[in-house]
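Colleague: First the structure, which I've put down as C-alpha cells, then a few questions once you've had a look.
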Amino acid sequence: RSELKTGVDTKDRAPAYVHQHMVLPMSFVHCDGRESQQGMSKSNQDEAQAVVKLVQILSAKIPMQEIGVISPYAAQVRTIRGALGKVQGSGRVQVSSVDAFQGSEKEAIIVSMVRANASGALGFVADWRRINVALTRAKSRCIVVGSITTLTRHPLWRDWAGFATVHNQVGPVDWLAWTGRDLEPLRGNNEAARRVAAAKEVFTPAEKLPPLPLRGDYPTAKAPVTSRFRFDPNAPAFVPSKQAEADAAWQAPTAEIGTWETLDWDSPPIFEAPPAVLRVHPHQGAGMDLAVTPFGMRIDLIEPQPGQPDLATGDWIVEIAGHKLTGGWDEVEEAFGARFADGAKVRTEAPARQRVRWPHDVEKLAQAAEDLGARLVEEEEGLAVEAPAEVLPELVKQLDGRY
C-alpha cells in the first residue's frame, strides 16, 4: 500500500563509488545473452560472465565475504559458481538461490535474473515476492543483471524500471550494459535503452495499484497510463531468429505435445523421518537452495556452511514447527517463511519416483511436472516423475490427464 518507507534516504548513504560507471546504490546491468536449458533448470552464460566482472569490481572496495550472488535458478547458481572458480578468493562469495538468502544479508548483492527469450516468458522472475526477497538482501549496494528487453514485457518489471528511474528512494539507478568484456552506460537508440526511457512514462504509480496480494500474481492498473513514446509493452523484445521462434513455439501454452503413457509402478511406502533441526546462521542464512512446491519445500542443494546435518539434498521439507506445509504454492511459502528460524523443527520426506515413457518433447514434460511442483528425472531405465510418495500418484494422474 506504499506505506512502508526506507529509513535511510539516498542522500544519507555513504558514497558508494566502486567503478567509473557505478556510483549509485542501485545498478541494472543489461545483458543481450540468451537463456539456455540445463536439464530441468535454466542458465545464462552471458550473465554469469557479467557477474564475475562485477565481483572483481566490488571486491576492490568490499570484502569478498560481504558480497552475495542470488539467482532463482539452480542451474545458474552452478554456472556462476563454476565461472567464479577462476577468481582468487571468490570462495568466500556466497552464491545461492533466493530461498537460501532468506533471513540473511550482505553489504553488496548481485542478482542474476537469467530469463532472456523471444516469447517474454519469465517463470520465477515474475514472482514479486521472490524478487522482493532478492532485492532487499543488500545493505548498501544492489546490482541487478538481466535482459531489459525481456523483463520489461511484464508489468512487474516495467513498473520497477519506471519507478527506479524517477524515484530517489530507489536510486536513481545506474543503467549499464555488459559488452562481453566490461561495463558501459546504457545509451543509444537500442531496444533496451528505449524501453527504459519508455518505462518512465508508462509505469503504474503505486497509488494506482491495488494492494499487493499475499497470494496471486502482480496486479495491473485498471486504467493504464498513456505514453507519449507510444511504448508497446507487448511488442517483441527483438526480431527473433529461426532458433528464437522455435524456442517460443515450445514455450507457448497452446502448443501440442505427443502423448505419453505411465507404467504400472507401485508407489513405495511413506517413511516419515524423525523431526530434524534447522540451522540458520545470522549471516550465512540456512545455506540451502530451496524450491517452493504445493506440498513442501524441496531441498535442491545444501552448502557446507552453516551445514544441515539433519537434512539431505533431494528431500522435501513437509512440516516446520509443527505446521504441515500444504495448500498450494503461496500457502506453503508463506507458512515456511513465517516459521523459518534457527532451531526450528522440521519433518522431511525422501522423494518417491514413478517411471513414465519417454515423450518426443522432454522439455515440455519437464515444465509440466515443474508446474505441478514435481520434478522429472532421468534414470538408467528412462524417465521418472519425482515427488513425495503421498502426492505422487495424484500428480501422475494430473499429468496423464493433461497430456
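Colleague: If I filter segment 121-150 down to residues being in a helix (DSSP H, G or I) and of a type in the set (S, T, N, Q), which single residue comes out as surrounded by the most Cβ atoms within 10 Å (Cβ to Cβ)? Let's see the steps before the verdict.
Modeller: Residues of segment 121-150 in a helix (DSSP H, G or I): 123-126, 128-135, 148-150.
Remaining after also requiring of a type in the set (S, T, N, Q): 132, 149-150.
Values: 132: 11, 149: 22, 150: 27.
Filtering segment 121-150 for residues that are in a helix (DSSP H, G or I) and of a type in the set (S, T, N, Q), the one surrounded by the most Cβ atoms within 10 Å (Cβ to Cβ) comes out as 150.
Colleague: Okay, moving on. Residues that are surrounded by 13 or more Cβ atoms within 10 Å (Cβ to Cβ), modelled with pLDDT of 65 or more, among the small types (Gly, Ala, Ser) and farther than 30 Å from residue 369 by Cβ: does segment 11-21 have at least one?
Modeller: The answer is no, given that none of the residues of segment 11-21 is surrounded by 13 or more Cβ atoms within 10 Å (Cβ to Cβ), modelled with pLDDT of 65 or more, among the small types (Gly, Ala, Ser) and farther than 30 Å from residue 369 by Cβ.
Colleague: Those residues that are out of contact with any Lys or Arg (no Cβ under 7 Å at 6 or more places or on another chain) and open to solvent by 30 Å² or more (accessible area, probe 1.4 Å), I need them from segment 90-120; list them, please.
Modeller: Within segment 90-120, 91, 92, 102, 103, 119 meet the criteria.
Colleague: Restricting to segment 303-325, give me the number of residues that are touching a helix residue (DSSP H, G or I) at 6+ places or on another chain (Cβ under 7 Å) and closer than 16 Å to residue 290 by Cα. Step through it out loud before you land on a result.
Modeller: Looking only at segment 303-325, we keep the residues that are touching a helix residue (DSSP H, G or I) at 6+ places or on another chain (Cβ under 7 Å), and these are 320-321, 323, 325.
Now drop any that are not closer than 16 Å to residue 290 by Cα, which leaves 320, 325.
Total meeting the criteria: 2.
Colleague: Related question: Quick test of your reading of the structure: residue 213 fulfils all but one of (1) modelled with pLDDT of 70 or more; (2) on the phi < 0 side of the Ramachandran plot; (3) not charged (D, E, K, R). Name the failing condition by number.
Modeller: Single failed check for residue 213: (1).
Colleague: Could I ask something else about it? Hey, any hits in segment 186-202 for a residue that's open to solvent by 20 Å² or more (accessible area, probe 1.4 Å), at pLDDT 85 or above and either outside any loop (DSSP other than H, G, I, E, B) or over 30 Å from residue 327 (Cα atoms) (or both)?
Modeller: yes
The values are calculated or read from the model by the stated rules, or taken from the named source; none is laboratory data. Bear in mind that the values here come from a model prediction, so they are computed numbers and not experimental data. Reconstructed Cβ throughout: ideal geometry from the backbone, glycine too, with neighbour counts over all protein chains shown. When the accessible area is computed, the model is the full protein with side chains, heavy atoms only, and any ligands, DNA or RNA have been set aside. Shrake-Rupley method; radii C 1.70, N 1.55, O 1.52, S 1.80 Å.
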